[in-house]
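These notes are about the structure you will find just below.
The values are calculated or read from the model by the stated rules, or taken from the named source; none is laboratory data. Given the structure is predicted, the values throughout are model-derived calculations rather than measurements. Please note: Cβ atoms are built from the backbone with ideal geometry, for glycine as well, and neighbour counts cover all protein chains shown.
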Amino acid sequence: MRGRGRYIAITAIAFAANFGLDRVTKALAVAFLSGRRALSFLFDTVRIGLAENTGAFLSLGAGWPPAVKYTALLVAPGLLCLYGLFHCAFKETDRMRAALLATIIAGGAGNLVDRALNGFAVVDFLNFGIGSLRTGVLNVADLSITFGAVAFLLHERTSAQRDAPGGKAP
């Protein structure tokens, strides 16, 4: 496979892996965690319990009027995801950047599907922390977004250092 075909494949694989894992884990969470108390693992550093979020990050926008919520939490992000996939497959010039952006986009799309199919409710089921220092309740889509973004920033930093005159990657 040559040229653009590689970027299309990388984009499709990264997107499908992250989006698919998100959809499967959410289906399992609904099937096995509905009506149950949260489960605790690794000395309570990981909690798994079903929750629904009707907003965005940490319930931002949960109380917004329906038209604003529809536009800000469904239509605009959906268009952004479509453009991002197009960019990764047809415009991007760095394979790693394409894969990492597709990972981030897949996380966003996973939550968008929940919002579209569940009356804006996103299935969340993971919580991490130690003692009272804990994350919000999240899902695999959120992990794809977070880890993809961190890896993207590290990749950009490394690329910038490598491409700088006399620069070397750490």
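Those helices (runs of 4 or more DSSP H) of the stretch 1-92 in which at least 2 residues are touching a Lys or Arg at 6+ places or on another chain (Cβ under 8 Å), considering only elements entirely within it, cover 4-33, 76-90. Every listed requirement among (1) at pLDDT 95 or above; (2) in a helix (DSSP H, G or I) is met by Arg115 save one, (1). Per the conditions (1) touching a strand residue (DSSP E or B) at 6+ places or on another chain (Cβ under 7 Å); (2) without any contact (Cβ under 8 Å) to a residue 40 or more places away in the chain; (3) not small (Gly, Ala, Ser), the sole criterion not satisfied by Thr45 is (2).
Among the numbered conditions (1) touching a helix residue (DSSP H, G or I) at 6+ places or on another chain (Cβ under 8 Å); (2) of a type in the set (Lys, Arg); (3) within 21 Å of Ile13 (Cβ to Cβ), the only one that Lys91 does not meet is (1). Scoring Ala121 on the criteria (1) surrounded by fewer than 17 Cβ atoms within 10 Å (Cβ to Cβ); (2) out of contact with any helix residue (DSSP H, G or I) (no Cβ under 8 Å at 6 or more places or on another chain); (3) at pLDDT below 95 leaves a single failure, condition (2). When each of Asn111, Asn127 is tested for being within 28 Å of Phe32 (Cα to Cα) and either surrounded by fewer than 22 Cβ atoms within 10 Å (Cβ to Cβ) or charged (D, E, K, R) (or both), the lone residue that passes is Asn127. Looking only at the stretch 129-145, which residues are part of a helix (DSSP H, G or I) and within 17 Å of Leu60 (Cα to Cα)? Those that are part of a helix (DSSP H, G or I) and within 17 Å of Leu60 (Cα to Cα): Ala141, Asp142, Ile145.
Consider the stretch 36-58 and keep the residues that are surrounded by fewer than 14 Cβ atoms within 10 Å (Cβ to Cβ) and farther than 13 Å from Gly129 by Cβ. The one that is nearest to the chain's Cα centre (by Cα) is Phe57.
Being out of contact with any helix residue (DSSP H, G or I) (no Cβ under 6 Å at 6 or more places or on another chain), more than 21 Å from Ala9 (Cβ to Cβ) and crowded, with 21+ Cβ neighbours inside 10 Å, is that true of even one residue in the stretch 140-148? Yes, the stretch 140-148 contains at least one residue that is out of contact with any helix residue (DSSP H, G or I) (no Cβ under 6 Å at 6 or more places or on another chain), more than 21 Å from Ala9 (Cβ to Cβ) and crowded, with 21+ Cβ neighbours inside 10 Å. Here the condition is being out of contact with any strand residue (DSSP E or B) (no Cβ under 8 Å at 6 or more places or on another chain) and of a type in the set (D, E, K, R); of Arg115, Arg134, Arg162, it holds for Arg162 alone.
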